[in-house]
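Engineer: Below you'll find the structure I mean.
The values are calculated or read from the model by the stated rules, or taken from the named source; none is laboratory data. What you see is a predicted model, and the numbers here were worked out from it, not measured in a lab. Every residue, glycine as well, gets a Cβ built from its backbone with ideal geometry; the counts of neighbours run over all protein chains shown.
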Amino acid sequence: MNARDTEIMTANLDTVTRQAESRLLEFTRSELFNRTFREGMDIVEETAAYLDGPGRANSKSLNRSDALVYASHSMRLTTKLMQVASWLLVQRAVKEQEMTVQEAWADKYRIVEDPKDSDKLSFDNLAKVAQALPSNLLELIARGDQLYERVARLDRSLYRTVEAQKGNSVADQLQRLRSAFK
């Protein structure tokens, strides 16, 4: 690869990065972000209030096996909601210029998706545990999972697109063609 090709690739990546930064800033200033932020913080507070109040009493009335199911699902929900809250707070920090876009791009701020499909509350899994779990917790789990999936999609869309485009730019494709026909 010659210096000109490297320059073109760098310029293209810089353009992609600037476009991604612009998309992120536009998102953080949008009504979609404001609604998602409010919804996220509301469900975090609602879940905490439930688990510390009525949920605690509900869990004490369960038999040992059901209490274990309750504990594992409430921990899973809490973990996901803390990831969502953290992600939302980072976006707000970008919006309020308390954090730069480059800082927000760090891997430590990405949503860590659980590759194990068995942990998701699918219909089959729900049917297995529904009788063990209080309806309030089931509702919070369903809402929390929906929010988590939405935020994970936003994270992929806003942050992973630049990573996905590295090595796939037009300049990269042209360079491969040139190399193939030399």
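Engineer: In this structure, does Thr17 turn out to be surrounded by fewer than 12 Cβ atoms within 10 Å (Cβ to Cβ), in a helix (DSSP H, G or I) and either modelled with pLDDT under 95 or not hydroxyl-bearing (Ser, Thr, Tyr) (or both)?
Structural biologist: no
Engineer: Of all residues in the stretch 31-52, count the ones that are closer than 20 Å to Ala152 by Cα, touching a helix residue (DSSP H, G or I) at 6+ places or on another chain (Cβ under 9 Å) and of a type outside the set (Val, Ile, Thr).
Structural biologist: 6
Engineer: Does Ala48 qualify as being at pLDDT below 90, within 28 Å of the chain's Cα centre (by Cα) and surrounded by 12 or more Cβ atoms within 10 Å (Cβ to Cβ)?
Structural biologist: Numbers: at pLDDT below 90: no; within 28 Å of the chain's Cα centre (by Cα): yes; surrounded by 12 or more Cβ atoms within 10 Å (Cβ to Cβ): yes.
Against the criterion (at pLDDT below 90, within 28 Å of the chain's Cα centre (by Cα) and surrounded by 12 or more Cβ atoms within 10 Å (Cβ to Cβ)), Ala48 does not qualify.
Engineer: Which of the residues belonging to the stretch 51-70 are surrounded by 15 or more Cβ atoms within 10 Å (Cβ to Cβ) and not polar (S, T, N, Q)?
Structural biologist: To start, the set of residues in the stretch 51-70 that are surrounded by 15 or more Cβ atoms within 10 Å (Cβ to Cβ) comprises 51, 55, 58-59, 62, 66-67, 69-70.
Matches in the stretch 51-70: Leu51, Gly55, Leu62, Asp66, Ala67, Val69, Tyr70.
Engineer: Can you confirm whether the stretch 108-121 contains a residue that is assigned to a helix (DSSP H, G or I) and either closer than 20 Å to Gln19 by Cα or at pLDDT 90 or above (or both)?
Structural biologist: Checked the stretch 108-121: at least one residue is assigned to a helix (DSSP H, G or I) and either closer than 20 Å to Gln19 by Cα or at pLDDT 90 or above (or both).
Engineer: Enumerate the helices (runs of 4 or more DSSP H) found wholly within the stretch 130-181, keeping only those where 2 or more residues are at pLDDT 80 or above and not hydroxyl-bearing (Ser, Thr, Tyr).
Structural biologist: 135-155
Engineer: Is there any pair linking a residue in the stretch 78-90 that is surrounded by fewer than 22 Cβ atoms within 10 Å (Cβ to Cβ) to one that is modelled with pLDDT of 95 or more and not in a helix (DSSP H, G or I), with Cβ under 6 Å and at least six apart or on different chains, and which?
Structural biologist: Here the result reads none, with nothing in the stretch 78-90 linked to a residue that is modelled with pLDDT of 95 or more and not in a helix (DSSP H, G or I).
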